[in-house]
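The values are calculated or read from the model by the stated rules, or taken from the named source; none is laboratory data. This structure is a prediction, so every number in the text was calculated from the model and none was measured. Cβ placement follows ideal geometry from the backbone for every residue including glycine, while neighbour counts extend to all protein chains displayed. When the accessible area is computed, the model is the full protein with side chains, heavy atoms only, and any ligands, DNA or RNA have been set aside. Shrake-Rupley method; radii C 1.70, N 1.55, O 1.52, S 1.80 Å.
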Amino acid sequence: MKRVNAVVVGAGAAGGIVAKELATAGLSVVLLERGKWYTANDCRKDDLRNQRTTVLGNAFGPEDEGNPRVLFDPHSGPRTLLPSEGGYQNNAACVGGGTLSYGAMAWRFMPQDFRMRSIYGAPAGSSLEDWPIGYDDLEPYYEKAEYEIGVSGDYSGSPFFGPRRRQLPMAPLPPNREFQILEPAAKRLGLHPFHIPMLRNSVPYNGRGPCMRCRWCVGFACEVDAKNGSQNTVIPTALATGNCALRTECMAREVLTDDRGRVRGVAYYDANGHLEEQLSDIVIVSACAIESARLLLNSKSRLFPNGLGNRYDQVGRNLQGHHYTGAMGFFDADTYDDVGPGASIAVADYNHGTAGLCGGGMLANEFIRLPIQMVDRMPAGTPRWGLRHKQSMRSFYKRNIAVMGPTQPIPSADARVTLDPAVRDKWGMPVARISGNVHPHTFEIGLVQAQRAELWLKEAGAVSTILNAGKPTVVSAGQHQAGTCRMGIDPQASVVNRNCQIHDVDNVFVIDGSVHVTNGGFNPVLTIMAIAYLASESLVRNWKGTGFRS
Amino acid sequence: MPSSKKPKRMTRRQFVAAGTMGCAALAVGCKEGNHGNWDFLNDAQARTLTAICDQIVPEDDFPSASQAGVLTYIDKQLARHYRRHRDIYRDGLAQAGAMSRERFGQEPAALAAPQMAELTSAIEKQNRKFFDLVRSHTFEGYYGAPRHGGNRNAVSWRMLGMAEPPVNGRAQYDLRKGSA
Ligand SMILES: Cc1cc2nc3c(=O)[nH]c(=O)nc-3n(C[C@H](O)[C@H](O)[C@H](O)COP(=O)(O)OP(=O)(O)OC[C@H]3O[C@@H](n4cnc5c(N)ncnc54)[C@H](O)[C@@H]3O)c2cc1C
Ligand code: SF4
């Protein structure tokens, strides 16, 4: 196999952008993706098999056969889990990664989200830190993501976000009924409601049509290709340069190093299970926070006996995602209008500035709840089964609103990914073991957020409400997983520098949610995309070249 | 609920009887292990499971779990995606039968409605793992996508008042006008 300039592992949110940026700058790139490439024709809206409700499996990977993980719960000990089971903490495994089937909320973090330690001080026992970059560094790349991938929405109702040079390229979708109910209520409470920014076409954009507002959005692929991910934007652009080869159903096994401690390529299993080596000048790991950590830990050699980038036992630590809390309100008139995607309105008044709390979070109405997703979300006092449960489904299915939000997680070094000593995947590689939890202050913030959601719903006319504010025993990383290869200045307390380059090996990069120091009170993907643009740009700028051309 | 205007539907017992008759009529198709129309369950297990599922989603103006195809859904999945739950089902159904015989001297399928409700609550208390599994799978079969054998004719979706077939193509822009 020909040597190339760069191997990118993972064709998700970040990997797709990196591949495009490097390929358009003239580097030769191999993009390895363990999953398949689905198209809009494969979207099959199946309520029981998608990336949200996975009881019959994940529609967009990984499949249940041969891909276990281990979850270590302090109460029940280690449990081996299938990708379709909740504790597995899956995102997705396909071309596009999470972006093929995500809800597509496209948040910019706030300036404060990058300076959490300076603003609040680190709670005892936490690993709360500032980022080595700030909002101003990322602003141009947020904009690039908003324009290249495509975002609709309107932040103008909220005065709380950092400055921006350009408005979003597309106006928001027209408000649905929940928006119309919640907006005046928020205003009466003195809040600043606005249209959620979404990686979704509201008008024709980038050669594809607009959203046709179906019922099945979050967790599903879009049959009219109106949802913008790496699979229908940057990856096709990368391939069109002629400099990028995408290899699907190829599972990276380890990053290879030479005797001098430099990276020389990637060993991977191809679709037929054959072990291949792709040699390269540089390697970019973009496998999503849990698998990126696992790949580095599995990349052991004489010079790196504990895995690549792991000299100081930092790889896999500070695993975080989001603790989601909020409330459901039940109404005496229909709130449901069957107009997707459903999520439409948010407030960001509570992200910062509450005395006694290290941050807060955004609150928004939820995506359309499919019937199967409502069976455990009935009003207080509803029996779990039987005639009254059935009647309650009938009475309230179309008469409820859920307001939820991602609580700013306060990280802890004990929440981590390690390699399981016993369990292997179908290729014989040690699997990820997830253990520990975020700092308990996170749950205090989450409870306050849930009460705020409840207040909003009551103001909107809810006749009864239920609070959703649990206290999980293991970190909830899942679809918002981040933090496992923290970006920082101190090589003993972080894994990569501000350019996403591993501290002690200069030709390997980690570019994905892994590098997040903190995960904000917002869904993370636009920040992951912005970092991918920023890191790619510095990589290209510093690239001396080897003269290779395919 | 007044039942006068209700369309004629089979009661649970008529349904089960019809199922058994179907099996007898197709005697050649009834394998040794008593696998009538099922991929995994045997007929006795299916009768007991029907009785439990129809407590979880009983019949009223709208069909019960079994009338909507929930048994077909669960049985299919026990032969496919839910193979890992077979033991819990086998043991749980056997235990449910034993509890019923002990308390009421009859199989679950033969119990009157109040007795079956009592038995179901007892199962929920004594074998929570089994019951929660059946409960989840019943809801999946009742409220989930029809393609897996449950929610026949999208009956639960119609019950909830959802447009069926769903309304698509609500884009408010004319695509023929070209791209931005
Ligand atoms: C249903 C759903 C809804 C979501 N909604 C939102 C939302 O509204 N807003 C938001 O901000 N975020 C949302 N997310 C999360 C978002 O998708 C993720 O934050 C984002 O995709 C993470 O980007 P990434 O580049 O880190 O990883 P990914 O996008 O997951 O990409 C990683 C890729 O690497 C591949 N890979 C992993 N290991 C290997 C290996 N060893 N060899 C080869 N390939 C490998 C994987 O298959 C995957 O395709 C949602 C996710 C899902 C699933
Ligand atoms: S709601 Fe819109 S963007 Fe989402 S899947 Fe449906 S048509 Fe596509």
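At-a-glance table
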item	result
Anisotropy class of the stretch A:381-490 from Cα gyration tensor, a/c 1.5 cut	oblate
Cα radius of gyration and Dmax for the protein assembly as shown (Å)	26.7, 86
Per-residue average of Cβ from other chains inside 10 Å of B:143-156	4
Solvent exposure, largest accessible area first (probe 1.4 Å, DNA, RNA and ligands not counted), of B:86, A:424	A:424, B:86
Where A:64, A:313 fall by accessible area, highest first, once all protein chains stay in place (1.4 Å)	A:313, A:64
Three-way shape label, the stretch A:469-511, alpha-carbon gyration tensor, a/c 1.5	prolate
Using alpha-carbon coordinates, inclination of helix A:525-542 to the longest axis of chain A, degrees	20 degrees
Loop trypsin sites (Lys or Arg not before Pro), the stretch A:137-238 (other Cβ atoms within 10 Å of the site Cβ: 16 or fewer; DSSP)	A:164, A:165, A:166
Lys/Arg +1, Asp/Glu -1 at C-beta; the stretch B:37-159 dipole; positive extreme among B:68, B:113, B:40	B:40
Efficiency of FRET between residue B:121 and residue B:44 - r from beta-carbon atoms, R0 22 angstrom, step 0.05	0.50
Nitroxide proxy distance, nm - points 7 Å out along Cα→Cβ at residue A:398 and residue A:259	7.6 nm
Between helix A:13-24 and chain A: long-axis angle, C-alpha atoms, 0 to 90°, nearest 10	50 degrees
Largest-first principal axis extents, alpha carbons of the stretch A:301-405, Å	65, 37, 29
Sparsely packed chymotrypsin sites (Phe, Trp or Tyr not before Pro) within the stretch A:404-510, loop by DSSP, other Cβ within 10 Å at most 16	A:427
10 Å Cβ neighbours from other chains, averaged over peptide A:375-386	3
Spin-label model distance (nm) - residue B:84 vs residue A:276, 7 Å beyond Cα toward Cβ	3.1 nm
For the stretch A:112-181 versus the stretch A:332-402, the gap between their alpha-carbon centres in whole angstrom	24 Å
The stretch A:262-281 and the stretch B:51-94: distance between their alpha carbon centers, rounded to Å	46 Å
Heavy-atom accessible area order for A:233, A:24, largest first, 1.4 Å probe	A:24, A:233
Chain A: angle of helix A:441-459 to the longest principal axis, Cα-based, in degrees nearest 10	40 degrees
Distance (nanometres) between label positions extended 7 Å along Cα→Cβ at residue A:429 and residue A:387	5.6 nm
Lys, Arg +1 and Asp, Glu -1 on Cβ, resulting dipole of the stretch B:37-159 about Cα centre, debye, nearest 20	480 debye
Farthest toward positive dipole pole in the protein assembly as shown [+1 Lys/Arg, -1 Asp/Glu at C-beta], among A:381, A:462, B:100	B:100
Phi to ³J(HN,Hα) by Karplus 6.51 cos²θ - 1.76 cosθ + 1.60 over the stretch A:462-472, Hz, x for Gly, Pro	4, 7, 8, 9, 10, 8, 10, 8, x, 9, x
Extension gain, residue A:332 back to residue A:313 (0.36 nm per residue minus Cα-Cα distance, nm)	1.3 nm
Carbon and sulfur %, accessible surface of the stretch A:79-209 computed with the full protein complex present, 1.4 Å	49 percent
Whole-percent carbon and sulfur share, accessible surface of the stretch A:283-398, 1.4 Å	51 percent
Interface residues in the stretch A:176-206 - accessible area drops by 30 Å² or more relative to the isolated chain, probe 1.4 Å	A:204
Area buried, chain B against chain A - accessible surface, total, 1.4 angstrom probe, square angstrom	3900 Å²
Cα gyration tensor category, rounded, prolate or oblate, for the stretch A:1-134 with a/c compared to 1.5	oblate
Average projection area in nm² (convex hull over Cα atoms of the stretch B:37-159, one quarter of hull surface)	7.0 nm²
Rounded accessible area per residue of the stretch B:37-159, 1.4 Å, Å²	37 Å²
Computed magnitude of the charge dipole of the protein assembly as shown (debye, nearest 20; Cβ of K, R +1, Cβ of D, E -1)	1060 debye
Antiparallel bridges, percent of DSSP beta bridges restricted to chain A (to nearest 5)	70 percent
Ellipticity estimate at 222 nm from DSSP helix runs (n ≥ 4, -39,500 (n - 2.57)) divided over chain A, nearest 500	-6000 deg cm²/dmol
The stretch B:37-159: relative contact order in percent, alpha carbon pairs under 8 Å with at least 6 residues between	33 percent
